[in-house]
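The values are calculated or read from the model by the stated rules, or taken from the named source; none is laboratory data. Keep in mind that this is a model prediction, so the values were computed, not measured. Here the Cβ is made from the backbone with ideal geometry for all residues, glycine too, and neighbour counts use every protein chain on show.
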Amino acid sequence: MRALFPSLLFTALLMGSTTTVCIAQKSKEAREDERDVATISKVYAKYALDAQPSITADTDLIGIWKMKEDEDSHNYFVLERENQNGYVFTYMNHEGANRTFENDPAFFSKIGNTEFINVGYSNWWNEDHGFFFLKVIERTPNGFEMTLALVADTTLKDLPDRAAVRARIKEHLNDPHYFKKPVHFRKILPLMYCK
């Protein structure tokens, strides 16, 4: 597992904004990374929603994606299919010149009729490992647009097992305060996938 260095993609998911206040002698990117690591480390769970990915990876989602709320027009991420049920993504931030994530795992799960994306989380600084979750608010059938919101529950990492994580999220499924502000993604370039 790789160290976590999230930036603008997760800044918007976590904070609902990419506005930053200046701190002396630190770059904007360093401040964003520190804030995002601190936030993700509070909302991850030790367990994914499913023990193994079971929802077939939708090949229509494979491509290069942009986030509407991202103020840097050069940032993007690439979503690729890793296997029948999973994806990997690489996020290019800092004007598209830095690989913040590289081949990090993600897969879909459902709680009732609501889709969630399980995203692998690893922080080598404090040896935290687990998953954070993105609620799929909307997804177009052609796979060109998605609206996602981060599950913002700081108690997930303390839950003893997968069933407890699922139960906690299910309990708050329709509570808008349980999630960060939704962000909007659009696929700007499909990638060819051979079935």
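For region 142-173, a tally of residues being farther than 16 Å from Ala45 by Cβ, at pLDDT 95 or above and not hydrophobic (A, V, I, L, M, F, W, C) returns 2. Taking into account only those residues within region 118-164 that are in contact (Cβ under 8 Å) with a residue 60 or more places away in the chain, surrounded by 15 or more Cβ atoms within 10 Å (Cβ to Cβ) and charged (D, E, K, R), which is nearest to Gln52 (Cα to Cα)? Within region 118-164, the match that is nearest to Gln52 (Cα to Cα) is Arg162. Only one entry of Thr18, Thr100, Thr11 meets the criterion of being surrounded by 15 or more Cβ atoms within 10 Å (Cβ to Cβ), assigned to a helix (DSSP H, G or I) and modelled with pLDDT under 75, and that entry is Thr11.
It is to be established whether one or more residues within region 127-148 are in contact with a strand residue (DSSP E or B) (Cβ under 8 Å, 6 or more places away or on another chain) and among the polar types (S, T, N, Q). Yes, region 127-148 contains a residue that is in contact with a strand residue (DSSP E or B) (Cβ under 8 Å, 6 or more places away or on another chain) and among the polar types (S, T, N, Q).
For Glu138, the criteria (1) of a type in the set (D, E, K, R); (2) modelled with pLDDT of 85 or more; (3) closer than 25 Å to Asp161 by Cβ hold in every case but one, which is (3).
Scoring Lys170 on the criteria (1) closer than 22 Å to Met92 by Cβ; (2) surrounded by fewer than 20 Cβ atoms within 10 Å (Cβ to Cβ); (3) of a type in the set (Lys, Arg) leaves a single failure, condition (1). Considering region 36-61, and only residues there that are modelled with pLDDT of 95 or more and of a type in the set (Val, Ile, Thr), the residue that is surrounded by the most Cβ atoms within 10 Å (Cβ to Cβ) turns out to be Ile55. When Glu127, Glu71 are checked against the criterion of being modelled with pLDDT under 95 and within 29 Å of Arg168 (Cα to Cα), a single residue qualifies: Glu127. The numbered conditions (1) touching a strand residue (DSSP E or B) at 6+ places or on another chain (Cβ under 8 Å); (2) at pLDDT below 85; (3) of a type in the set (D, E, K, R) are all true for Lys26 except (1).
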